[in-house]
Amino acid sequence: MKLTGQDIIKELQERREQARLGGGSKRIDRQHAAGKLTARERIDVLLDPGSFEELDMFVVHRTREFGMDGNTIAGDGVITGSGRINGQLIYVFSQDFTVFGGSLSAAHASKIVKILKLAIQNGAPVIGLNDSGGARIQEGVDSLGGYADVFLQNALASGVVPQISVIMGPCAGGAVYSPAMTDFTFMVRGSSYMFVTGPDVVKTVTSEDVTAEELGGADTHTTRSSVADGAFDNDLEALAEIRRLVGFLPAHNAAPLPRLAVDDDPARTIPALDSLVPENANVPYDMRELIISLADHGDFFELQESFAKNILTGFVRMNGAPIGVVANQPMVLAGCLDIDSSLKAARFVRFCDAFNIPILTLVDVPGFMPGTSQEYGGIIKHGAKLLFAYAEATTPKVTLITRKAYGGAYDVMSSKHLRGDANYAWPTAEIAVMGAKGAVEILYRSELDDTQKIAAHTADYEARFANPFIAAERGFVDDVIIPNNSRYRIIQAFEKLRGKRQQNPTKKFGNIPL
Ligand code: HXC
């Protein structure tokens, strides 16, 4: 019998209620017992209250095999739709582990694909909350095809809209490659893991004994593999931090940057900076202090905090506008560039450039890391990635050299020669081919036994080269600035660059040394 009037609305409401229950209260209890929110609760926490509009709530799989005929649950293990974060339109999908373990069927994949296509078309960031047992085993190749359909859209969306992945449960097998193709991946400590093959397969193939946590937990991916850009203690913290991150990002690659009304004086002087750099050039200091003191209200969203700690990357606001920061960290490996730090910074520079986020580069770098492990690992190729990324970047670039800028690393770190727009140095800067000791040991090899002469040569080299003025004489730095005035000068530079227009030669794309 065909339903009419109030009955048809009642049926709709009942169907919605049923869909909202997902895999049922028992499985929801299990999800909670594991310390995890459900897929719907996560969306509620992530988005502005009441802003979520769901799509494809009634989609079900079309599998007949393995007793799946008739075994359908509305939504098929993924909740998709759009909503707002601080008013900004966001597309979102959230895998529901209570429904077939959040596993990916063809129908599940097509819901994610729809979201990605809408995000590209309408120019809004996409956030994926991953909690899935991987390919829907009952579907076989249809599931694999579904994954590939998602991967394709991830690639097409890359550089058009920001894509953020949060791993909030299992993420194994080919499932890892969708997050890996997005701009940022975050994990939840203790409840999420990512690996291509699990511990059992590892044991069979390589005879290694390893736990899931050791193989692909948050610590592994934030400290060793750099697959993840950050990790959080629980779902609530992760979702709150994603909201914070979104606040720094434009909606798409042609959108204006999200500027906030400022109540942190752009002309604020910072007296502590006049003594930040120690008198002895070999004594480290914390570059994070400089970033925090320059930023509006000291707010720094750091990325890859636990990986390649010799370089810092992340977002700040200056005069209300988002800025990407890349900074050598003299506290770790003297701030030198090595394979890991080059990769970390190169990827960040490219993200900023793709979305026209201005880049502030803070330089204190003694050079590239020497040694066989670096050379055998391909420091030439990996270091070239950072060089390439800075060279091709047309987004506004402001550089401040605080102390060392030696050798090739001077060139790499957003130098004037790579189209740095405003290049400043503090009076403590040393811009040279190498440090005084190394230079004297090469130039005066025959006098190495004469400590007095070597000391005199070293003092002479330092007096002549360990300063910013030779570079300033050539216009390689635009000005030598007083440290306490740095915030004002950097903000002024970025404000003048708001109308910057620069284009690279027409090409399909450059061949960055991958
Ligand atoms: C169908 C699945 C499933 C899957 C889990 N479930 N994974 N259903 N396909 N891949 C179902 C279970 O049957 C169960 O259903 C419910 O989800 C919860 O699973 P449990 O095992 O009870 O949960 P838990 O003990 O927490 O273990 C979670 C898990 C485990 C570690 C993820 O379920 C697991 O190992 N699943 C298989 C993982 C896997 O091998 N996936 C394929 C990877 S290969 P009920 O009805 O009891 O609630 C791959 C290739 C992709 O993904 C390639 C793309 C290019």
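The values are calculated or read from the model by the stated rules, or taken from the named source; none is laboratory data. All of these numbers come straight from a predicted model, not from anything done at the bench. All Cβ positions, glycine included, derive from the backbone under ideal geometry; neighbour counts span all protein chains shown. Side chains included, ligands, DNA and RNA excluded: accessible areas come from the protein's heavy atoms. Shrake-Rupley method; radii C 1.70, N 1.55, O 1.52, S 1.80 Å.
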Along principal axes, Cα extents of region 74-210, largest first, whole Å
50, 29, 27
For region 262-329, what number results from the quotient of the Cα radius of gyration and 2.2 N^0.38 Å?
1.18
Furthest towards positive pole of dipole, SER82, GLY324, TYR488, structure part the chain, Cβ charges
SER82
For LYS381, the accessible surface traced by a 1.4 Å probe with all protein chains present amounts, in square angstrom to the nearest 10, to 100
For a quick check: with amide H placed at 1.01 Å from N, whose amide H comes under 5 Å from VAL78's, ignoring anything fewer than 5 positions away on the same chain?
ASP96
Quick shape check on region 143-229: root eigenvalues a ≥ b ≥ c of the Cα gyration tensor, a/c under 1.5 is rounded, otherwise prolate if a/b tops b/c, else oblate, and it reads oblate
Less than 11 Å Cβ to Cβ from PHE66, Lys/Arg counted +1 and Asp/Glu -1: what total charge do the surrounding residues give?
-1
Carbon and sulfur atoms: what percent of the 1.4 Å accessible area of region 293-441 do they account for?
59
Using the heavy atoms of the protein chains alone and a 1.4 angstrom probe, what is the accessible area of the chain per residue in square angstrom?
46
What is the P(r) of region 169-270, as percent of Cα-Cα pairs per 10 Å bin from 0?
13, 34, 26, 15, 8, 3, 0
If Lys and Arg each add +1 and Asp and Glu each add -1, what is the summed charge of the other residues whose beta carbon sits under 12 Å from the beta carbon of ALA107?
-1
Rg over Rh [alpha-carbon atoms, Kirkwood Rh] for region 373-514:
1.06
If unit charges are put on Cβ atoms (+1 for Lys and Arg, -1 for Asp and Glu) and the dipole of the chain is taken about its Cα centre, the option from LEU46, MET194, PRO271 lying farthest towards the positive end turns out to be LEU46
Counting every C-alpha pair in region 379-452, the percent lying more than 17 Å apart is 55
Measuring from its Cα centre, region 1-100 shows a charge dipole (+1 at each Lys and Arg Cβ, -1 at each Asp and Glu Cβ) which, in debye to the nearest 20, is 180
What residues have an amide H closer than 5 Å to that of ILE85, excluding those fewer than 5 places away on the same chain, when H is modeled at 1.01 Å from N in the peptide plane?
ASP48, ILE90
Which ³J(HN,Hα) values in Hz, rounded to whole numbers, follow from the phi angles of region 212-217 under the Karplus curve 6.51 cos²θ - 1.76 cosθ + 1.60, where θ = phi - 60° and Gly and Pro get x?
4, 5, 5, 6, x, x
With +1 on the Cβ of every Lys and Arg and -1 on the Cβ of every Asp and Glu, and nothing else charged, how large is the dipole of region 265-356 about its Cα centre, in debye rounded to the nearest 20?
280
Formal net charge of residues neighbouring VAL202 (Cβ-Cβ distance under 11 Å; K, R +1; D, E -1):
-3
For the chain, with +1 on Lys and Arg beta carbons and -1 on Asp and Glu, the positive-most of TRP426, ILE311, PHE355 along the dipole
PHE355
Mean shadow area of region 212-330 over all directions, Cα convex hull, nm²:
9.9
Taking the Cα atoms of region 14-146, report the difference between the largest and smallest coordinate on each principal axis, in whole Å and largest first.
45, 34, 28
Amide H to amide H, which residues 5 or more places from ALA231 or on other chains are under 5 Å from it, using H placed in the peptide plane?
MET187
If one puts a single equal scatterer on every Cα of the chain and applies the Debye formula without solvent, what log₁₀ I(q)/I(0) results at q = 0.06, 0.08, 0.09, 0.10 Å⁻¹?
-0.34, -0.57, -0.70, -0.83
Which of the lysines could be linked to LYS404 by a straight reach, that is with a Cα gap under 28 Å, when you skip same-chain ones fewer than 8 residues away?
LYS309, LYS344, LYS381, LYS385, LYS416, LYS437, LYS453, LYS496
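Can you show me the helix-derived [θ] at 222 nm for the chain, built from DSSP H runs with n ≥ 4 at -39,500 (n - 2.57) apiece and divided by the number of residues, rounded to the nearest 500.
Dividing the helical sum by the residues of the chain leaves -10500 deg cm²/dmol.
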